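Taking it in order: structure first as structure tokens, then the write-up.
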Amino acid sequence: MSALQWGGRFGAAPDAQLLAFGTSIEEDLVLAPFDVKCSLGHVEALRGGKIVSDAEAAELASALAAVAEEIRDGSFANYARSQPFEDVHGAIDARVREIAGVAGESLHAGRSRNDQVATTLLLYAIDRAQAGAKRAHDIATALAARAQEELERKTVVAGCTHRQPAQPVLLAFVLVAWSEPFVRAASRFAGVARAGRASSPLGSAALAGSSLALDRQAAARALGFSRPSRNALDAVGNRDVALDLAHAFVRAIVDASRIAEELIAWSAPAYGYVRLGDAASTGSSLMPQKRNPDPFELVRAHAARSAGAYAGALGTLCGLAPSYQRDLQETKSAAIAIAEDGLATLNAFERALAAVSFDRERMARAAVAGYTVATDVADALIAKGVTARTAHALVGAVVAQAEADGRALEARDLAQLAAKAGIESLQAPLDATTSIGAKQTAGSTSPGDVHSQIDEVRTELASLEPQLA
Ligand code: ARG
């Protein structure tokens, strides 16, 4: 039996090297279970349209179940690599024909690989979007739990901008900030799964629909789609959901890479804020003392690589005529590579994150270093009626003096400021905890607000849970 699904109109066999150039079998083997599912959907369309008898449909379904078993036990991969198949879709069709004999010859009636690929890719995207949502949800949940723990411990740390000490904050506040992108990622992934289920391209055939009376409703229903797609020409060339899936993964691991970068810095002895446990650290083959945060560095690198792959996939669509073009094969492999790598990267990130422990004393010492309470002092002046500009200048001068003296801001600086500003006295936070407690705006680092932030994150995560099932 030929490995190709076409050839009748050709006089000679295809060039072996061009065939090898065109195959996507290694990249799309991961689609095998989804292609079987898609094919079962098509059997429903054939049965519903009386294109095959109930008996033939049953034979096809049982052959497909046998292929599903071969996919599970790993033997199908060997089969798919044993002949020059163009793609996994052709390999499954060939195997069904081997198993089901004559009945197998009808599986492809009214179907093109164009609607088959589009449908199979959607089924895959829905599955991986759900897996991505679950991972993002787990990461956000873990970060919210750690935020709660650090809120109870009242751990403080220097909040930075430009990597320079800015203002004291609660570590819990930072951990909530880290959880937020993963709450959004979980919801973004859930949206991709929802968009994927909206409509089924199956039955669009090559581009124009079919003159066979395929029961597209039955197929859509069997596969869990809301309805059949509206326009066949659009459906065979539509890669929106595959691209959105890739985008959601790239966004999630780019977000992870930003936290990874922070933890890489924090684990350097110059900071010493965190220690990465032995299970997640690596050593040096030469320097015996080394302790390296490789998993976080790799998260960073995978984010960059995936962003590039995503740009490549998007580029593939640029100027591509509507309908199916073979270029679309490359969007398929890119979306798959990004999603598989994205899941592995999120998994590694989650495990490395769990291995991080905090040096709370070190953080507390750093929290007020670099005059991080200066803004509170200026705010105290403003609250007493001094203009913002004057307050900024007065406190700046006091900071410069303290820096020259090699000391922190002290009570006597407040007295001096009061005198200069012509006010009776000045009270202002000079330590991290007082500074943090003084914050009044919603969304701030004050303990009460961070407490609500954790509650809200948890409520949002709980509301996402039904969409993960
Ligand atoms: N291997 C292709 C893909 O995976 C399918 C080819 C479909 N159609 C065609 N006329 N070449 O996208």
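The values are calculated or read from the model by the stated rules, or taken from the named source; none is laboratory data. Here the structure is a predicted model, which means the values were calculated and not measured. Counting neighbours? That spans all protein chains shown, and the Cβs are built from the backbone with ideal geometry, glycine included. With ligands, DNA and RNA removed, areas are computed over all heavy atoms of the protein, side chains included. Shrake-Rupley method; radii C 1.70, N 1.55, O 1.52, S 1.80 Å.
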Per-pair calculated FRET efficiency, R0 = 30 Å: ARG72 and ARG230 via Cβ, rounded to 0.05: 0.30
Charge sum, other residues only, whose C-beta stays under 15 Å from LEU202's C-beta, Lys/Arg counted +1 and Asp/Glu -1: +3
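For the stretch 319-441, how big is the tail of P(r) above 20 Å, as a whole percent of Cα pairs? Numbers along the way, then the final one.
Details: 4660 of 7503 pairs.
Cα-Cα pairs of the stretch 319-441 separated by over 20 Å account for 62 percent.
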Difference of contour (0.36 nm per residue) and Cα-Cα distance, ASP278 to HIS392: 36.4 nm
Carbon plus sulfur fraction of accessible area for the stretch 92-169, probe 1.4 Å, in percent: 50 percent
Spin-label pair ALA344/LEU314, simplified geometry with 7 Å Cα→Cβ offset, distance in nm: 2.4 nm
Selected from ALA367, ALA339, ALA354, residue furthest toward positive end of dipole (the stretch 336-380; charges at beta carbon): ALA367
Neighbour net charge for ALA213 - beta-carbon separation under 12 angstrom, K R +1, D E -1: +2
Dipole in debye (nearest 20) - the stretch 330-396, about Cα centre, beta carbon charges: Lys, Arg +1; Asp, Glu -1: 380 debye
Estimated 222 nm signal from helices in the chain, with DSSP H stretches of n ≥ 4 weighted -39500 (n - 2.57), rounded to 500: -21000 deg cm²/dmol
For the stretch 87-164, fraction of C-alpha pairs farther apart than 14 Å, in %: 78 percent
Accessible-area composition of the stretch 281-404, carbon plus sulfur, in percent [1.4 Å probe]: 57 percent
Exposed chymotrypsin sites (Phe, Trp or Tyr not before Pro) absent: longest stretch of the chain, with sites in DSSP loops and at most 11 other Cβ within 10 Å deemed exposed: 11-469
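Once R0 is set to 22 Å, what does the formula 1/(1 + (r/R0)^6) return for the Cβ-Cβ distance between ARG291 and GLU361, expressed as a FRET efficiency to the nearest 0.05?
0.70
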Gain upon complete extension [ARG407, THR433; 0.36 nm per residue less C-alpha separation]: 7.5 nm
Pairwise label distance in nanometres, ALA304 with ALA400, each label 7 Å out on the Cα-Cβ vector: 4.0 nm
Tensor-based shape of the stretch 55-129 (alpha-carbon gyration tensor, a/c under 1.5 rounded, otherwise prolate or oblate): rounded
Filtered trypsin sites (Lys or Arg not before Pro), the stretch 171-203: DSSP coil and at most 15 other beta carbons within 10 Å: none
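Roughly how large, in nm² to one decimal, is the mean projection of the convex hull of the alpha-carbon atoms in the chain?
With every direction weighted equally, the projected area is 29.5 nm².
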Separation in nanometres of the label points that stand 7 Å from Cα toward Cβ, at GLU105 and GLU330: 3.9 nm
Environment charge at GLN427 (Cβ cut-off 12 Å; Lys +1, Arg +1, Asp -1, Glu -1): -2
On Cα atoms only, tilt of 240-267 relative to the major axis of the chain in degrees: 30 degrees
